[in-house]
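Peer 1: Dropping the structure in here first, questions after.
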Amino acid sequence: MAKNKSKLIVLAVILLVFAVLSYFIGSREPKVYPNYLSESPAPMGTKAVFTYLQNEIGETERWNSSPNLLEKEEGQLLIMIEPFFIPESEETRQYREFMEAGNTILLFKTNPQGMFDLKTVQGGMDAEEIITLNDNQDEKKNALLPAPIRLDAADEDEVLISDEAGPVALERPVGEGSLIVATAPQWMTNDLILEEDHLPLVLSLINESSPRTILFDEYIHGGENDASVVTLYPKWFLLLMVQGMLLAILWLWYQGKRFGPVMQVREEHVRFSDERIKALAAWHLRGKRFTDSLNIQADYVKLLLQEKWGIPYSREWTDSTGGLSRKWTSADEQEINRFAEGLSAALEKETLSKQEYLLWSKKLDRLRKEVEEG
């Protein structure tokens with residue numbers, strides 16, 4: 001018992017060391033972020049521009065809730081960068097109510113077709129190249145455009161940034177507020193924000209509405225829907241939980257708890273018959289009743305011969321040589337005749353020596369095996 005407990009303690013220590021090492025090794029691996037998250041320091045994240053605006057303006061926050069919770073006070077700017085999904089009609093209506101109350105949504109999306117009734121057209125270069133753009137002050141800016149997509153401006157829209165192929169950014173009035181759309185979300189990424197004239201272009205779009213508060217919309221990147229056990233709890237806690245479950249299973253196993261159906265022990269089925277056979281064999285050996293034992297064995301073999309080989313049980317051994325010759329392939333005719341005559345003589349004796357008994361018992365056992373095997 002003490003030896004088993006020491007083994008269990010050693011195993012628990014090994015598992016604990018493995019958990020600690022896994023935590024420290026795993027914590028050194030860089031965290032993988034989805035694209036365009038404002039908390040992501042990865043090349044495709046937007047933490048750089050978020051931090052810059054937070055330092056320069058101050059009132060810059062992340063918005064992770066549904067649009068129905070947005071305050072309707074005017075002067076707010078909600079920045080949406082490459083949404084992972086198109087909001088449903090009810091959510092779109094709530095975003096519109098937010099703009100109609102005097103606020104602005106700045107949407108960066110490569111192809112905004114289908115959002116807020118926006119339309120796009122094909123135009124520009126197929127490959128990603130540095131091109132020259134004109135802003136609303138008619139100044140030249142160099143920038144990278146990710147796709148040959150241009151906006152289809154309506155009569156009430158004001159074109160803010162464009163090139164020869166068409167509008168790249170525009171502003172559309174919505175009630176007391178407005179919707180600003182740009183087809184270059186890559187301008188906002190950590191990797192490209194300082195390349196070319198991306199930062200001045202982004203700041204010009206942000207300052208278009210002179211906001212007092214800036215919100216980065218993370219709801220459109222999964223928001224409230226991406227909470228899971230893995231994200232809700234820290235890694236060290238999850239590792240401890242897993243190790244605790246393993247230790248609990250080992251403890252229950254050590255205590256002798258069974259999992260699954262309880263199978264009936266085989267000894268309960270065969271114990272009586274085995275003990276009876278052993279007791280009967282011991283009684284024959286102690287009483288030297290070799291003749292009785294040999295007769296019982298020979299009688300059983302004759303029953304098998306009738307069942308398997310069709311040799312009548314009523315025949316004497318000497319009368320069964322014909323049938324045995326046809327079926328007993330491992331013995332020749334002379335050997336079968338000697339076997340039948342010798343066995344008949346041994347069975348007729350009143351007493352047998354132990355040597356004679358073992359000899360004929362072995363021969364009968366050989367015949368029995370051949371009959372049972374076919």
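Peer 1: Just checking, how many residues over segment 81-115 are at pLDDT 90 or above and among the aromatic types (F, W, Y)?
Peer 2: 3
Table: residues versus (1) at pLDDT 70 or above; (2) under 30 Å from Q113 (Cα atoms); (3) surrounded by 13 or more Cβ atoms within 10 Å (Cβ to Cβ); (4) out of contact with any Leu (no Cβ under 8 Å at 6 or more places or on another chain).
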{"position": "W187", "(1), (2), (3), (4)": "yes, yes, yes, no"}
{"position": "L194", "(1), (2), (3), (4)": "yes, yes, no, yes"}
{"position": "S204", "(1), (2), (3), (4)": "yes, yes, yes, no"}
{"position": "L238", "(1), (2), (3), (4)": "yes, no, yes, yes"}
{"position": "M245", "(1), (2), (3), (4)": "yes, no, no, yes"}
{"position": "I249", "(1), (2), (3), (4)": "yes, no, no, yes"}
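Peer 1: With a cut-off of at least 1 residues that are under 42 Å from the mean Cα position of the chain (by Cα) and in the same structural domain as Q186 (by TED's automatic domain parsing), name the strands (runs of 3 or more DSSP E) lying wholly within segment 80-156.
Peer 2: In segment 80-156, the matching strands (runs of 3 or more DSSP E) lie at 104-108, 120-122, 140-144, 149-151.
Peer 1: Please determine, by comparing only the residues of segment 208-222 that are in a helix (DSSP H, G or I) and farther than 14 Å from I161 by Cα, which one is nearest to the chain's Cα centre (by Cα).
Peer 2: Among those residues, the one meeting the criterion is H221.
Peer 1: Let me ask another. Which of the residues that make up segment 133-182 are of a type in the set (S, T, N, Q) and either surrounded by fewer than 18 Cβ atoms within 10 Å (Cβ to Cβ) or in contact (Cβ under 8 Å) with a residue 40 or more places away in the chain (or both)?
Peer 2: Residues satisfying the conditions are N134, N136, Q137, N142, S178.
Peer 1: Still on this model: For residues in segment 79-125 being out of contact with any helix residue (DSSP H, G or I) (no Cβ under 9 Å at 6 or more places or on another chain) and hydroxyl-bearing (S, T, Y), which is farthest from D217 (Cα to Cα)?
Peer 2: T120
Peer 1: Which of the residues that make up segment 327-374 are closer than 19 Å to R289 by Cα and among the charged types (D, E, K, R)?
Peer 2: E348, K349, E350, K354, E356, K362, K363, D365
The values are calculated or read from the model by the stated rules, or taken from the named source; none is laboratory data. Since the structure is predicted, the reported quantities are computational estimates derived from the model, not experimental observations. For neighbour counting, all protein chains shown are included, and Cβ atoms are generated from backbone atoms with ideal geometry for every residue, glycine included.
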